[in-house]
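Q: I have a structure I would like to understand better, so I am pasting it below and will then ask my questions one at a time.
FYI, it's all coordinate maths here, none of it is from the lab. Fair warning: this is a prediction, and the values are worked out from it, not measured in the lab. Here the Cβ is made from the backbone with ideal geometry for all residues, glycine too, and neighbour counts use every protein chain on show.
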Amino acid sequence: MSAMEQFYQILKLKLGATEKQSKQTYENLVNLWDPEGLSRYPYLQQIAYQRKKQIELAYENLVGEWVRKNWQQRRK
């Protein structure tokens with residue numbers, strides 16, 4: 001499995017999802033895995049921090065890939 005496929009999987013997206021779908025899914029997942037809401041449960045809070053980092057990394061990489069593709073298309 002390629003890195004991009006893993007990013008899509010982390011974000012629970014199908015390959016070829018639009019930027020709008022990705023942004024909405026990202027925002028939903030970040031809210032779902034908000035560690036501040038789990039302050040009474042330190043173990044779950046730690047899991048939420050780790051999961052949120054994965055989600056943010058995956059989204060940043062997908063957005064970066066889209067920006068590169070758009071830039072390359074404009075330069076042609």
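Q: Among rounded, prolate and oblate, which fits region 1-41 when a ≥ b ≥ c are the square roots of the eigenvalues of its C-alpha gyration tensor, a/c under 1.5 means rounded, and a/b larger than b/c means prolate? Show your work: numbers first, answer last.
A: Numbers: a/c = 4.66, a/b = 1.89, b/c = 2.46.
Because a/c hits 1.5 or more and a/b fails to exceed b/c, region 1-41 counts as oblate.
Q: Now a separate question. Charges at C-beta only: +1 for Lys and Arg, -1 for Asp and Glu. How large is the resulting dipole of region 1-70 about its Cα centre, in Debye rounded to 20?
A: With Lys and Arg at +1 and Asp and Glu at -1, about 100 debye.
Q: For every helix of n ≥ 4 consecutive DSSP H residues, a contribution of -39,500 (n - 2.57) applies; sum these over the chain, divide by its total residues, and give [θ] at 222 nm rounded to the nearest 500 deg cm²/dmol.
A: Theoretical 222 nm ellipticity from helices: -25000 deg cm²/dmol.
Q: Explain nothing, just the number: relative contact order of the chain, from Cα pairs under 8 Å at least 6 residues apart, as a whole percent.
A: 34
Q: A further question follows. Order the peptides 15-21, 44-50 from the highest to the lowest mean number of other Cβ atoms within 10 Å of their residues.
A: The densest-packed peptide leads the list: 44-50, 15-21.
Q: What is the local net charge at residue 46, summed over the other residues whose Cβ is closer than 12 Å to its Cβ (Lys, Arg +1; Asp, Glu -1)?
A: Net charge in that neighbourhood comes out at +3.
Q: Looking at [x] 6.0; [y] 5.6; [z] 5.1, which value of mean projected area of the Cα convex hull in nm² comes from a calculation on the structure shown?
A: [y]
Q: In nm, to one decimal, how far is the modelled label at residue 61 from the one at residue 40, with both set 7 Å along Cα→Cβ?
A: 3.6
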